[in-house]
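Reviewing the structure listed below.
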Amino acid sequence: MGARLAHWLTRHGHALVATAGHLSRQRTATLLTVLVMGLALALPLALQVLVRNVSSLDLPSGIGVSVYLKPEVSEARARTLAATFAAHAGIASVTLITASQALAQFRAQSGLGAALDALTDNPLPNVITISPEPRTASPAQLEALRGYLAVWPEVDSVQTDADWARRLGAWLDLLRRALLVTAALLALGVVAIVGNTIRLEIHARRAEIEVTKLVGGSNAFVRRPFLYTGVLYGLCAALIAWAIVEGARLGLMGPVRRLGDAYGSRLALAGPSVRELGALLLAGVLLGWLGAWIASTRQLSRIEPRPA
Amino acid sequence: MIVFERVAKRYPQGREALSLLSFGLARGEMAFLTGRSGAGKSTVLKLIALLERPTRGQVLIDGQDTHRLPARRIPQFRRQIGVVFQDHRLLMDRPVFDNVALPLIVADASLREIDRRVRAALDQVGLLGCERAAPYELSVGEQQRVGIARAIVSKPPLLIADEPTGNLDAALAAEVMGLFRRFNEVGVTVLVATHDLPLVRDSGLREIRLGEGQLGAEASHELIAAPGAGLGAQPG
């Protein structure tokens, strides 16, 4: 058994070394092929990394409801309203941010003090932020709460954080779907590239294949170096895709951090995870193998003796 | 070893290469396959090596009906047959050793055995020491002998050759024929397609003649297969 295994390893090692040598002798053609394949694999990987980065953004925890009052509503009236809301069932806590508080806060954060001094009126409305009780946080109950708040004549608009979360979620779903479609199409592309390259390769080595089959080489034997070629192409392409995505990430890191600073939060761009890299390498190898298998099976059957 | 029974071969383009050919070749026998160009010599060899299948009739090799052989067993079947071509069909970008080793590699021989057998085969054709040479560095006669070494390296019981002396001068041709006779002496069944009639006559071996059949009866062992005539094998 050990001898058989050693034999098997020798045989496959031989094919692998021969294939690698063959590829390295045609450096330019090989490089171009794996570069195109690498680009095709890089796009879905980049999308996946983007989706994961966006979905891991620090979203406000818990669901809050912001009630924007109409500009003409006085601060005193706002306080009364806040007290009324606080007594309503399903509401855990209420915070009033008065127009003057908001302005002061804005003045401090934005650095636009002098410009704001030029304003005669405070353009900001009074806002009441409400935290619902956890047990009322279902979408239907939240909707009911929003209805209760919106009917007050003083209320201008009601905004729940859930709206933002839902919109972001919808965008992420769209991105994920786009990712799947892109990945499927580009996978087909990779198979086609490998298949065509192998087809040309088989064409170029037709004499060798014919002689090999004539002296009793099985289809499996003849196919082996081509399958290795496909697998090596796929592996190299996956590594190139990784390099491309990693390069793009390093290039984008600075701008992303500045963007985060501008929003007053810390944004970081995470690279591909170990699982994503594993999937990438596996996909590259499998697609390379598949393309080579399809091409070699199609081509080799044409070198068979013709049936009567 | 070889039995053709009323074999016909028509190519897809409509050309009839063989019609109703019958002959037999006993185990350990050596014979020549002769006939003018286009008489079907190459077709007979292709049918034996299963490069083609007959349109009609039966080809039995070592008792095996080739028509019934499933495709997956063809490689195994071909390993029992050594084939020598007129244009030798060597892989020009590989050294002599790799060329000769090919039948052993496809049969999964161990590296030690490959090394031993390739040297033995090259020794038999007088090319020991040329293992590392590239085929194009050799003369035409030497290239042909490398082709023969490849055909016999796995010690097949049957050796077939298509015009093996076609590109060689008389002296080299005689030398190559001498090689075939030596293999035959150690028990290999040999069938050589040739149009080198003097060589055939000098050999005194059986001649299987393809063609119209009116080509005379000079050969001591004569056999004629005429298109449409359905003539059988009648050695002696």
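The values are calculated or read from the model by the stated rules, or taken from the named source; none is laboratory data. Owing to the predicted nature of the structure, the values given are computational and were not obtained by experimental measurement. Virtual Cβ from ideal backbone geometry, glycine too; neighbours counted across all protein chains shown.
In summary, B:ARG78 fulfils each of the numbered conditions (1) within 12 Å of chain A (Cβ to nearest Cβ); (2) at pLDDT below 90 with the single exception of condition (2). Restricting to segment B:7-44, and then to whatever is in contact with a Lys or Arg (Cβ under 9 Å, 6 or more places away or on another chain) and polar (S, T, N, Q), can you tell me which residue is farthest from the other protein chains (Cβ to nearest Cβ)? Of everything passing the filter in segment B:7-44, B:THR34 is farthest from the other protein chains (Cβ to nearest Cβ). Every condition in (1) modelled with pLDDT under 85; (2) out of contact with any Phe, Trp or Tyr (no Cβ under 8 Å at 6 or more places or on another chain) is met by B:ALA17 except one, and the failing one is (2). Looking only at residues that are within 12 Å of chain A (Cβ to nearest Cβ) and crowded, with 16+ Cβ neighbours inside 10 Å in segment B:56-66, which one is modelled with the highest pLDDT? Among those that are within 12 Å of chain A (Cβ to nearest Cβ) and crowded, with 16+ Cβ neighbours inside 10 Å, it is B:VAL59.
Taking segment B:92-104 on its own, how many of its residues are at pLDDT below 90 and either under 25 Å from B:THR165 (Cβ atoms) or facing chain A (nearest Cβ under 8 Å) (or both)?
Of the residues in segment B:92-104, the ones at pLDDT below 90 are B:92-94.
Now restrict to residues that are either under 25 Å from B:THR165 (Cβ atoms) or facing chain A (nearest Cβ under 8 Å) (or both): B:92, B:94.
Final tally of qualifying residues: 2.
Being within 30 Å of A:GLN48 (Cα to Cα) and β-branched (Val, Ile, Thr) is the filter here; which residues of segment A:169-224 pass it? If the condition is that a residue be within 30 Å of A:GLN48 (Cα to Cα) and β-branched (Val, Ile, Thr), then A:VAL181, A:THR182, A:VAL190, A:VAL191, A:ILE193, A:VAL194, A:THR197, A:ILE198 are the ones that fit.
In the condition set (1) within 10 Å of another protein chain (Cβ to nearest Cβ); (2) under 20 Å from A:VAL222 (Cα atoms); (3) aliphatic (A, V, I, L, M), B:LEU47 is compliant with all but (2).
Can you tell me which of A:LEU103, A:LEU112, A:LEU119 is surrounded by 14 or more Cβ atoms within 10 Å (Cβ to Cβ) and not assigned by TED's automatic domain parsing to the domain that holds A:ALA262?
None of the others qualify; the one that does is A:LEU103.
Inspection of segment B:159-173 finds a residue satisfying the criterion of being touching a Gly at 6+ places or on another chain (Cβ under 8 Å), within 14 Å of chain A (Cβ to nearest Cβ) and not in a helix (DSSP H, G or I).
Among the conditions (1) touching a Lys or Arg at 6+ places or on another chain (Cβ under 7 Å); (2) within 14 Å of chain B (Cβ to nearest Cβ); (3) in a helix (DSSP H, G or I), A:SER296 misses just one, which is (2).
A:THR182 - would you say it is assigned to a helix (DSSP H, G or I), surrounded by fewer than 18 Cβ atoms within 10 Å (Cβ to Cβ), more than 12 Å from chain B (Cβ to nearest Cβ) and among the β-branched types (Val, Ile, Thr)? Answer is yes for this residue.
May I ask you to list the residues in segment B:135-171 that are of a type in the set (Asp, Glu) and farther than 20 Å from B:THR194 by Cα? Full working, then the answer.
The initial filter retains those residues of segment B:135-171 that are of a type in the set (Asp, Glu), namely B:137, B:142, B:162-163, B:169.
Matches in segment B:135-171: B:GLU137 only.
With respect to A:ALA220, determine if the residue is surrounded by fewer than 16 Cβ atoms within 10 Å (Cβ to Cβ), within 14 Å of chain B (Cβ to nearest Cβ) and part of a helix (DSSP H, G or I). Answer is yes for this residue.
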